[in-house]
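Beneath this line is the structure, given in structure tokens, with notes to follow.
Computed from the coordinates by the stated procedures, all read-outs in this text should not be read as laboratory data. Model, not experiment: these values are computed from the prediction. Please note: Cβ atoms are built from the backbone with ideal geometry, for glycine as well, and neighbour counts cover all protein chains shown.
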Amino acid sequence: MSHLVAPSILSADFGHLERDIVMLNNSVADWIHCDIMDGLFVPNLSFGFPVVEYVKKISAKPLDVHLMIVDPDRYLTRWKKAGADILTVQYEACVHLHRTVTEIRNLGMKAGIAVNPHTPVCLLENVLPYADMILIMTVNPGFGGQSFIEVCLDKITALRQMIDKGGFDILIQVDGGVDTHNADMLVKAGVDVLVAGSTVFGSSDPAETIKLLKYPEEKKPGE
Ligand code: DX5
Ligand code: ZN
């Protein structure tokens, strides 16, 4: 299976959100990544249910909702109703993670678990059978446009081994500082889903940039 690309609308133009979603619909993007921030788990606020409901109405692609919020159990049903297809919670925000991911699946969504750069992937060992995706954060969550933290590469390799050894059907997603220069290397390290915000929406041709992320091996020298 070729890897997936999930542009993050955190960096979209919210004054022209419909235009940006239509661009994603017409691009080779696979999912639309929605970053939800509560000002507590991360030092920033983003957007909530009304925006995701609106995106769902016009999106032709699955919604990949990344919760950077404390106590996400309070809102799982609401995110399902808002249109989430994949719902990812932060490992560090969940006291009873097994219960949380089981509930996400029971509600009919794919369950993702995100780990911050400082959280080792070995801590996921006992929850892997209940997860559909692991999101390795390659920046400290909270803001778009930050630099990729290189040490997280080792975590991708370690997680790939854990998943393959256990025979799990789990996608590895990376989020933070992904661009057209590191995409190929990340895919070769074992990543299944690339999230990219500022690289896509800061580009003069976002649809073309999504294509470069989707087919990084075809990138010409100098691009
Ligand atoms: C960061 C968010 C990311 C963000 C990525 O907290 O989870 O999804 O949008 O932005 P870039 O691709 O600009 O690093
Ligand atoms: Zn994200």
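Once you sort the root eigenvalues of the Cα gyration tensor of the stretch 52-183 as a ≥ b ≥ c, which label holds: rounded (a/c under 1.5), prolate (a/b larger than b/c) or oblate (the other case)? Write out the running numbers ahead of the final one.
Working: a/c = 1.62, a/b = 1.20, b/c = 1.35.
Oblate is the answer for the stretch 52-183, as a/c is 1.5 or above yet b/c matches or exceeds a/b.
Annotation: amide H of Leu171 within the under-5 Å range of Met133, Ile134, sequence separation 5 or more or interchain, hydrogens built in the peptide plane. Computed over neighbours whose Cβ is under 14 Å from that of Leu40, the net charge equals -2, Lys and Arg +1, Asp and Glu -1.
How much length is gained if the chain between Ser204 and Asn126 is pulled fully straight, taking 0.36 nm per residue apart and subtracting their Cα-Cα distance, in nm to one decimal? It would help to have the intermediate numbers written out before the result.
On the way: separation 78, 0.36 × 78 = 28.08 nm, distance 4.38 nm.
Result: 23.7 nm gained on full extension.
Evaluated with a Cβ-only charge set (Lys, Arg +1; Asp, Glu -1), the chain carries a dipole of roughly 480 debye about its Cα centre, given to the nearest 20.
If each residue of separation counts as 0.36 nm, what is the full-extension length gain between Gln146 and Gln161 once their alpha-carbon separation is subtracted?
Numbers: separation 15, 0.36 × 15 = 5.40 nm, distance 2.74 nm.
Residue separation times 0.36 nm, minus the Cα-Cα distance, leaves 2.7 nm.
Largest mean-square fluctuation among Gly176, Gly144, Gly15, in a Gaussian network model of the chain whose springs join Cα atoms under 10 Å apart, belongs to Gly15.
Hey, which of these cross-link pairs are over 28 Å Cα-Cα: Lys56/Lys110; Lys56/Lys165; Lys56/Lys188; Lys110/Lys165; Lys188/Lys211; Lys56/Lys214? List each step's numbers first, then the result.
Numbers: Lys56/Lys110 16 Å; Lys56/Lys165 36 Å; Lys56/Lys188 32 Å; Lys110/Lys165 22 Å; Lys188/Lys211 17 Å; Lys56/Lys214 23 Å.
With Cα atoms farther than 28 Å apart: Lys56/Lys165; Lys56/Lys188.
At a Förster radius of 22 Å, what calculated FRET efficiency corresponds to the Cβ-Cβ distance of Glu218 and Asn25, to the nearest 0.05? Efficiency at R0 = 22 Å is approximately 0.45.
Across all Cα pairs in the chain, the calculated P(r) in 5 Å bins from zero up to the longest distance comes to 1, 7, 16, 20, 22, 17, 11, 4, 1, 0 percent per bin. Name the most mobile residue of Arg105, Arg78, Arg160, meaning the one with the largest mean-square fluctuation, in a Gaussian network model of the chain with Cα contacts below 10 Å. Fluctuation is largest for Arg78.
For Arg74 and His16, what is the calculated FRET efficiency with R₀ set at 35 Å and r taken between the beta-carbons, to the nearest 0.05? Could the numbers behind the result be given before it?
Details: r = 32 Å, r/R0 = 0.90.
The pair Arg74/His16 has a calculated efficiency of 0.65.
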